[in-house]
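This report refers to the structure that appears directly beneath it.
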Amino acid sequence: MKSKWNLFVSVFQLIVGAAAMVSFAVLGFGGEPVAKWIVTLILAIAFVVLGIIGIKDYTANK
């Protein structure tokens, strides 16, 4: 059984990643050149994926 700390970290990763992806979209639709922010978008997607995997692992092992 995993601790609640792992669940908290996974939810935090999911929220931060989703917020970064929304920020990227807002900048893109606002006319800002986003080419220099592609690496940040990739990291945000990785955060979301890791958060989802962590939440699934927590619920599966509960």
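For the chain, carbon and sulfur atoms together expose 76% of the accessible surface, with a 1.4 angstrom probe and every protein chain in place.
Protein heavy-atom accessible surface, 1.4 Å probe, per residue over the chain: 74 Å². Here the chain has an Rg and Dmax of 14.1, 47 Å, counting Cα atoms alone.
Comparing G28, G51, G17 in a Gaussian network model of the chain, where Cα atoms under 10 Å apart are tied by springs, the biggest mean-square fluctuation is seen for G28. When the Gaussian network model of the chain links Cα atoms closer than 10 Å, the mean-square fluctuations of F47, F29, F12 top out at F29.
The values are calculated or read from the model by the stated rules, or taken from the named source; none is laboratory data. Worth saying up front: this structure is predicted, and the values here are computed from it rather than measured. To get the accessible areas, we keep the full protein, side chains included, count just its heavy atoms, and leave off ligands, DNA and RNA. Shrake-Rupley method; radii C 1.70, N 1.55, O 1.52, S 1.80 Å.
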